[in-house]
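Structure record follows, encoded as structure tokens.
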Amino acid sequence: MKTGISLSILFLLTILSSGFVFSSHIEAADKSKSKNEIDKKNSEYANPVARNRGRLYQVSIPPREQDAYENAYYRLWVPDHVKQIRGVIVRQHGCGAGARKYGLEHADDLQWQALARKWDCALLGTQIWAPEEECSTWYMPADGSEHAFFSALQKLGKLSHHPEIAKAPWCLWGHSGGALWVMNMLYRNPERVIAVFPRSGGLAPVNRELPRSQPLKPDSNSAVFQVPVMFCYGEKENQPGERFYAAVIGTHHVFDVAREKQAQWSVAEHPGSSHENSNSRLLAIRFFDSILKQRLPNDSKSTKLKQLDYQSGWLGDLKSKSIQSLMKHQIVDSKQQSWLPDKKVAAAWRELVKSGRILDTSPPAAPLAVQVSSVSGKGVKLEWQAEADLESGIHAFQVYRDGEIIGTVQGHRNQRWNPEGHFHAWNYSDQPIFDDHPAPKMEFLDQTNEASSKAKYEISTVNQAGLKSSRTVGKK
């Protein structure tokens, strides 16, 4: 019997009415300790901070009287020597004290910075505080967080001497409650959005305390169907009764409606993963890289985004995990399939949904600006810069003296998130792993008896696929 309402929507309404908790529900009550610590740390960014051939700028946006959130901080990384910022890659953290605590460090991520630099974009990390630790006060943009975001872009544009940031288009990435935020921002501002990657979340909120603004309907703004969106959730989330099953239901609540209208949208189920991000960034970065290439205007000063040709795309079947070109094959297009922008992204999508990883077969770029200097009484110091590998990040740097390897520079080991000791790694919320350690530095001190400023020192980069770059010779 037809009831006029899909089972997925019926289930969503059921869990909404029963008080089902979405994502990390109410954040842990660590407000007094964590906020004091973070306020102290935030004060370190009163002036721009030089980082990885770029500058970090940070602002806070206190709430207006009508806003629901408590306070909001924004950290922007701007690559050096860029004349015109063409877009902003936004990384919105989810609910939970941990996700919020390290939310600003999204702007410090080497791999995402590499993507931003490639396309003359800025990279934005956020940290939004909620009164009573209830994140439903910020994940609906209309309740104040949209105004805070716009205000932050204006202030950051002035600070960085790039006023165009205030009007530049966005790539929106969000996790959990952040996925709700980016999807609602898409519906409210489709003309400003290059592409969206929501990890574990859709459009309608599912929480004990609904925000003041009610959720938008999936068909309320047809312009969004022309904006590429790639949803992603964990295989373990997609189990009825599982804690985060609402994220999957919420995803399909909007995805199924959009695909029936031939939206340029896709969804990827991440094998072996639950609500954590796992390796989904490997797909997200490839997706944004492709869309930035296709949608940014030829004129770097223009903000009018290009539209993609639907028939030039590919379809990925959610059940068989197969891909086919729309142009080459007569395919029945349905909501059971994902629309993918090109062959490269389609192949990456297929690999992730099959194996949970995406192989990297290309070596990383060689290190840059290797400097060699003598340190009195200590040895010979090497310092360098490097571009993170877009496909797999950085595992380590290898140091050579006169052709022989003498050392390896890696990151801090974390038993859960970085057991391999990658120089560049990420956590549950896809934030850089620093723990209680400072971020690893691109430097090495040769303290051996053979150390000599007259020796030939070289550095090579090793990516997380184990592939090595060519060596860069140090300059004295």
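The values are calculated or read from the model by the stated rules, or taken from the named source; none is laboratory data. Bear in mind the structure is a predicted one, so any value in this text is a computation, not a measurement. Cβ placement follows ideal geometry from the backbone for every residue including glycine, while neighbour counts extend to all protein chains displayed. Calculation scope for accessible area: heavy atoms of the full protein, side chains included, ligands and nucleic acids excluded. Shrake-Rupley method; radii C 1.70, N 1.55, O 1.52, S 1.80 Å.
Roughly what % of Cα-Cα distances in the chain sit above 37 Å, to the whole percent?
Above the 37 Å cut-off, the chain has 27 percent of its Cα pairs.
Pop a pseudo-label 7 angstrom from the Cα along the beta-carbon direction at both ARG188 and SER376 and give the gap in nm to one decimal.
It is 5.9 nm.
When the Cα centres of segment 120-173 and segment 352-368 are compared, how far apart do they sit, in Å?
For segment 120-173 versus segment 352-368, the Cα centre distance is 31 Å.
Among the GluC sites (Glu not before Pro) in segment 394-476, which ones are in a DSSP loop with at most 15 other Cβ atoms within 10 Å of the Cβ? Mind listing them?
GLU420, GLU450
Before anything else, pin down the relative contact order of the chain: Cα pairs under 8 Å, at least 6 apart, normalised by residue count, whole percent.
The value is 13 percent.
Once the principal axes of the Cα atoms of segment 249-379 are found, what is the range along each, listed largest first in whole angstroms?
Principal axes ranked by extent give 71, 42, 30 Å for the Cα atoms.
Which of the peptides 281-289, 67-75, 196-204, 373-381 is most tightly packed, and how do the rest follow, judged by the mean count of other Cβ atoms within 10 Å per residue?
Result, highest mean Cβ count within 10 Å first: 196-204, 281-289, 67-75, 373-381.
Accessible area per residue, 1.4 Å probe, Å², for segment 32-355: what's the number?
Result: 37 Å² of accessible area for each residue.
What are the extents of the Cα atoms of segment 368-473 along their three principal axes, in Å, largest first?
45, 29, 20
Roll a 1.4 Å probe over the protein chains and send me the accessible area per residue for segment 402-446 in Å².
The answer is 55 Å² per residue.
Given the Cα atoms of segment 343-422, and with Rh set as the inverse mean 1/r over their pairs in the Kirkwood sense, what is Rg to Rh to two decimals?
Ratio value, two decimals: 1.10.
Can you give me the convex hull volume of the Cα atoms of segment 50-94, divided per residue and expressed in Å³?
111 Å³
Take the solvent-accessible surface of the protein heavy atoms, probe 1.4 Å, and return the percent of it on the chain that carbon and sulfur atoms account for.
Reported share for carbon and sulfur atoms: 50 percent.
Averaging over all projection directions, find the projected area of the Cα convex hull of segment 278-353 and quote it in nm² with one decimal place.
5.9 nm²
Taking 37 °C and 0.692 mPa s as the conditions, I'd like the Stokes-Einstein D for segment 246-300 in µm²/s, using the Kirkwood hydrodynamic radius from alpha carbon pairs.
243 µm²/s
Compute the relative contact order of segment 368-473 as a whole-number percentage, counting only Cα pairs closer than 8 Å that sit 6 or more residues apart in sequence.
34 percent
Please give the Cα centre distance for segment 425-476 versus segment 261-278, rounded to the nearest Å.
About 34 Å separates the Cα centre of segment 425-476 from the one of segment 261-278.
Return the long-range amide H neighbours of GLY54 (sequence gap of 5 or more, or a different chain), with a cut-off of under 5 Å between placed amide H atoms.
Here the answer is ASP80, since their amide H atoms fall under 5 Å of that of GLY54.
Projected onto the charge dipole of the chain (+1 at Lys/Arg Cβ, -1 at Asp/Glu Cβ, origin at the Cα centre), which of PRO364, THR137, ILE285 gives the Cα projection farthest towards the positive end?
PRO364
Find the centroid of the Cα atoms in segment 61-109 and in segment 214-252, then give the distance between the two in whole Å.
One Cα centre to the other: 23 Å.
For segment 459-472, in order, what is each residue's ³J(HN,Hα) by Karplus, 6.51 cos²θ - 1.76 cosθ + 1.60 with θ = phi - 60°, in whole Hz (x at glycine and Pro)?
10, 10, 9, 10, 7, 6, 8, x, 8, 9, 7, 5, 8, 10
Please report Rg (one decimal) and Dmax (integer) in Å for the Cα set of segment 102-213.
My reading of the Cα-based Rg and Dmax gives 14.1, 43 Å.
Among bridges DSSP assigns within segment 61-143, what percent are antiparallel (round to 5)?
Roughly 60 percent of the beta bridges in segment 61-143 run antiparallel, per DSSP.
To the nearest 20 Debye, how big is the dipole of the chain about its Cα centre, given +1 on the beta carbon of each Lys and Arg and -1 on that of each Asp and Glu?
In debye, rounded to 20, the chain gives about 1060.
Suppose we keep just the DSSP beta bridges with both residues in the chain; what percent of those would be antiparallel, to 5?
Given both bridge residues lie in the chain, the antiparallel proportion sits at roughly 65 percent.
Between beta-carbons, use under 9 Å as the cut-off and find the net charge around TYR57, counting Lys and Arg +1, Asp and Glu -1.
Cβ neighbours under 9 Å give a net charge of +3.
Taking a quarter of the surface of the convex hull around the Cα atoms of segment 318-371, what do you get in nm²?
5.9 nm²
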